[in-house]
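Below is one structure; the comments refer to it alone.
Laboratory data are not the source of any read-out in this text; all were calculated from the coordinates shown. Predicted, not measured: the structure shown is a model, and the values here were computed from it. Cβ placement follows ideal geometry from the backbone for every residue including glycine, while neighbour counts extend to all protein chains displayed.
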């Protein structure tokens with residue numbers, strides 16, 4: 001059986017999102033990248049608990065022509081160097097592309113290599129993350145609630161103020177029932 005994962009949205013969960021008019025945006029450059037407080041320690045704790053750490057991030061500004069793919073990859077490389085992240089899965093599409101990988105669709109969570117989804121957790125800061133986790137069949141979903149000006153159209157299993165504050169809850173989840 002494959003290992004469980006904690007699937008993590010990037011902007012707003014691992015690094016600070018740029019918030020304009022109540023809506024979150026990714027950092028525009030590597031110079032704007034700021035890892036949120038407590039993230040490194042939380043990721044170490046999750047890794048020690050046996051989870052693979054997989055970043056799953058929508059980056060539609062590439063398709064919209066507002067960001068270069070190389071900048072997104074440079075930000076991911078910087079995070080990879082500084083944090084114990086096992087894998088980055090990125091959707092560069094916009095909604096109009098109708099792809100299977102753009103959250104709220106579950107493609108980023110279900111693509112190979114496979115993880116034990118029934119024992120995995122999805123952590124995000126927007127409803128799209130929570131819905132992608134539900135559709136993928138993960139064990140639990142966690143919303144890092146920054147109070148953005150957008151509706152949460154699907155309820156998470158836990159609302160937390162940060163990844164650091166959610167980590168203890170995640171590692172104490174009971175094992176799923178065998179299928």
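Computed over region 93-179, relative contact order equals 22 percent, with contacts defined as Cα pairs under 8 Å that lie 6+ residues apart.
Among 14, 152, 144, the residue with the largest mean-square fluctuation in a Gaussian network model of the chain, with springs joining Cα atoms closer than 10 Å, is 152. Mind grabbing the base-10 log of I(q)/I(0) for the chain at q = 0.10, 0.11, 0.15, 0.18 Å⁻¹? Debye formula, identical points on the C-alpha positions, no solvent, two decimal places. Cα-only, vacuum Debye calculation for the chain: -0.34, -0.42, -0.81, -1.22. Among bridges DSSP assigns within the chain, what percent are antiparallel (round to 5)? Beta bridges within the chain, antiparallel portion: roughly 15 percent. Take every pair of alpha-carbon atoms less than 8 Å apart whose residues are at least six positions apart; their mean separation over the length of region 4-77 yields a relative contact order of 39 percent. Comparing 93, 146, 48 in a Gaussian network model of the chain (Cα springs below 10 Å), the most mobile by mean-square fluctuation is 48. Every helix of 4 or more DSSP H residues in the chain counts as -39500 (n - 2.57), and over all residues that averages to -7500 deg cm²/dmol at 222 nm. Indicate, rounded to the nearest 5 percent, the antiparallel portion of the DSSP beta bridges found entirely in region 1-88. Beta bridges within region 1-88, antiparallel portion: roughly 35 percent.
Working from Cα pairs under 8 Å separated by at least six residues, relative contact order for region 5-141 is 27 percent.
Ordering 169, 127 from the fewest to the most neighbouring beta carbons within 10 Å gives 169, 127. Among 52, 175, 21, 162, sorting on how many other beta-carbon atoms sit within 10 Å of each Cβ, with the fewest leading, yields 21, 175, 162, 52. For the residues 143, 46, 108, a GNM of the chain with alpha-carbon springs under 10 Å puts the largest fluctuation on 46.
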